[in-house]
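Engineer: First the structure, which I've put down as structure tokens, then a few questions once you've had a look.
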Amino acid sequence: MAQEIPFYNLRHFVKPGITGWAQVKYRYGASVEDACEKLQYDLYYAKHRSCAFDVEILFKTVKIVARGIGL
């Protein structure tokens with residue numbers, strides 16, 4: 001992916017977790033275009049991360065799991 005998508009490796013500067021902004025805002029992606037879109041969410045998270053943002057992601061994750069829905 002890193003050869004096809006500029007700045008793709010920047011997403012590795014944030015430690016991975018159980019969930020993330022890209023996971024709660026975008027469906028499962030299998031294409032390069034999907035990976036580009038999810039990268040935008042990852043970079044947005046990296047730029048705006050905070051405890052409040054993490055709590056919002058946590059609540060969205062619980063809501064998605066509780067409803068049994070996926071994007």
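Engineer: How long is the gain from Val14 to Val65 if the chain were fully straight, where each residue apart is worth 0.36 nm and the alpha carbon distance is subtracted?
Structural biologist: Working it through step by step, the gained length comes to 16.0 nm.
Engineer: Using only alpha-carbon positions, what ratio does the radius of gyration of segment 1-69 give when scaled by 2.2 N^0.38 Å? Before the final figure, lay out each step's value.
Structural biologist: Numbers: Rg = 12.5 Å, N = 69, 2.2 N^0.38 = 11.0 Å.
Dividing the Cα radius of gyration by 2.2 N^0.38 Å gives 1.14.
Engineer: Would you work out which of Tyr8, Cys36, Val55 lies farthest towards the positive end of the dipole of the chain, given +1 charges on the beta-carbon of Lys and Arg and -1 on that of Asp and Glu, about the Cα centre?
Structural biologist: Positive-end residue among those listed: Val55.
Engineer: Any idea of the accessible area per residue across the chain, 1.4 Å probe, to the nearest Å²? Mind dumping the intermediate values first?
Structural biologist: Details: 5510 Å² over 71 residues.
Heavy-atom accessible area per residue stands at 78 Å².
Engineer: Would you mind telling me the share, in percent, of accessible area of the chain contributed by carbon and sulfur at probe 1.4 angstrom?
Structural biologist: 59
The values are calculated or read from the model by the stated rules, or taken from the named source; none is laboratory data. Every value quoted in this text rests on a predicted model; they were computed, and no experiment measured them. Counting neighbours? That spans all protein chains shown, and the Cβs are built from the backbone with ideal geometry, glycine included. Heads up: the accessible areas ignore ligands, DNA and RNA and are worked out on the full protein's heavy atoms, side chains in. Shrake-Rupley method; radii C 1.70, N 1.55, O 1.52, S 1.80 Å.
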